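The values are calculated or read from the model by the stated rules, or taken from the named source; none is laboratory data. Computed from a prediction, not measured in an experiment: that's the story for all the values here. Note that each Cβ is placed from the backbone with ideal geometry, even for glycine, and that neighbours are counted across all protein chains shown.
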Amino acid sequence: MASPITGSFQLMKSLNRSVVLNTIRIHGAISRSEIAKKTKLTPPTVTNIVNELIDAELVLESRSGKSNGGRKPIILTINSNSRYIVGVDVGVNKVRLAVTNLNGEVSKRKVEPMPVSKALNEEEFLLFLKKILHSFLEEVSEGRDKLIGIGIAMHGIVDHEKGIAIHGPTLKLEKVPVKDVIEEEFNLPVRVENDAKALALGEKWFGAGKETDHFVCLNVGEGIGGGIVLNNRLFHGNNSLAGEVGHTIIDLNGPTCSCGNKGCFQTLASGQALKERASKKIEEGVETELTKIGNREIEGQVIYEAALKGDVVAKEILRETGEYLGLGILNVIHFLNPSMIIVGGGVSKAGSFLMGPITETIETRALSFEAQKTRIVLSDLGEEGSLIGACTLVLSELFTHEHGNT
Ligand SMILES: [Zn+2]
């Protein structure tokens, strides 16, 4: 007998069930006859499937639809809190964990610092991941039978089909079989994806990319990752490398990157670049609020706070970083011509200082009038974007029967 845990996925093995469930999700509230019209399934088929979904508590019915004079029609909605997903975002310095419902709403969150982050070998890393997941699950109040899977967003290059973290230049881990190990430990479906691609998927389902078919999402934190959505689907390229925009080279004589090359986009426009610009100004002895921060480390947040107080040097650092971000985004626009670029990750918190120089760079340098007007927006999902994206990896499979797509 299928365990209640894998039951949700077992149920969705029929493509028609996924289609009906996803139609209800997309429309929010819909009647059986409208589902039949939209899916081209016969009304009896829809009725059977809906009954199964109601039995499984994935769908709710109520009589609150609009009536045309007679009885109100019965409408169906997703029972968002009937199941939950655990999302994990593995960064360079910390791992964040969260629980979301079927609607991507976060109900519980936790941050675990990475132990001596740059020295973990594969075995230690996997042990650490298992340990923090066990401890997080013990704190989750929802029943284990309602947990449908674990989604993991990882820094670095990830083979999303096999769930292997192929290469992480900063964590220095190679070919780690994350999916197999975590699935075996927890007896649950596990999905693994690069963090920027997970963020893009989260934006497609729940954020700024909901209405957009082609967009690129940049995860600007310590480094810069990219997630490409083309025709409503995540694009992975031949070897999962697509979207590594942070390592496109924009200055041959620029700073050395974690990948070993010089002048990668992320060395000039990431959180790391912000810190280095600030340190340089301080070394030069320039007068700035940044010298008065006491024991706090100079990082993006500190620079942003100083800029908010009107510090000229902090504002200049953010402006310069915004210009470089604009240049990298310009390359993406010329290469892919997306209708929207979403900027997320920690650095996007300083968006009020960055958006001006970004749009100015694009408006003065893009090749065509249309390209100059490409929409550049900040992530709707904020700091938890990759984490919500990690949960969406599991949701996308439940609802659309297709891993890693929307
Ligand atoms: Zn690089």
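Here Pro113 meets each of (1) crowded, with 19+ Cβ neighbours inside 10 Å; (2) under 20 Å from the mean Cα position of the chain (by Cα) with one exception, condition (1). Selection of first residues in the range 168-191 that are among the aliphatic types (A, V, I, L, M) and of second residues that are within 16 Å of the ligand (Cβ to nearest atom) and assigned to a loop (DSSP other than H, G, I, E, B), restricted to Cβ pairs under 9 Å at least 6 apart or on distinct chains, gives the following pairs, ordered by first then second residue: Leu171/Val92; Leu171/His155; Leu171/Gly156; Leu173/Gly156. Just to verify a result, which residue in the range 192-237, among those that are out of contact with any Ser or Thr (no Cβ under 7 Å at 6 or more places or on another chain) and basic (Lys, Arg), is surrounded by the fewest Cβ atoms within 10 Å (Cβ to Cβ)? Filtering the range 192-237 for residues that are out of contact with any Ser or Thr (no Cβ under 7 Å at 6 or more places or on another chain) and basic (Lys, Arg), the one surrounded by the fewest Cβ atoms within 10 Å (Cβ to Cβ) comes out as Lys210.
One line per residue, one yes/no per condition, for (1) within 15 Å of Ala390 (Cα to Cα); (2) among the hydrophobic types (A, V, I, L, M, F, W, C); (3) at pLDDT below 95:
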| position | (1), (2), (3) |
| --- | --- |
| Gly151 | yes, no, no |
| Met154 | yes, yes, yes |
| Ala165 | yes, yes, yes |
| Pro169 | no, no, yes |
| Lys172 | no, no, yes |
| Pro189 | yes, no, yes |
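In the range 254-274, the qualifying residues are those that are more than 9 Å from the ligand (Cβ to nearest atom) and polar (S, T, N, Q), and the one that is modelled with the lowest pLDDT is Gln272. Pick from the range 242-253 the residues that are among the aliphatic types (A, V, I, L, M) and more than 10 Å from the ligand (Cβ to nearest atom): which of them is farthest from Ile228 (Cα to Cα)? Restricting to residues being among the aliphatic types (A, V, I, L, M) and more than 10 Å from the ligand (Cβ to nearest atom), the top hit is Leu252. The condition of being in a helix (DSSP H, G or I), under 30 Å from Ile329 (Cα atoms) and not aliphatic (A, V, I, L, M) holds for Gly202. Show me the strands (runs of 3 or more DSSP E) entirely contained within the range 17-96 in which 1 or more residues are modelled with pLDDT under 90, among the aromatic types (Phe, Trp, Tyr) and surrounded by fewer than 16 Cβ atoms within 10 Å (Cβ to Cβ). Because the criterion is at least 1 residues that are modelled with pLDDT under 90, among the aromatic types (Phe, Trp, Tyr) and surrounded by fewer than 16 Cβ atoms within 10 Å (Cβ to Cβ), no strands (runs of 3 or more DSSP E) in the range 17-96 meet it.
Considering only the range 322-374, state which residues are of a type in the set (Lys, Arg) and under 20 Å from Gly225 (Cβ atoms). Matches in the range 322-374: Lys349 only.
Only one entry of Ala307, Ala269 meets the criterion of being over 26 Å from Leu336 (Cα atoms) and small (Gly, Ala, Ser), and that entry is Ala307. Residues that are aliphatic (A, V, I, L, M) and in a helix (DSSP H, G or I) were ranked within the range 220-274; the one that is farthest from Ala306 (Cα to Cα) is Val245.
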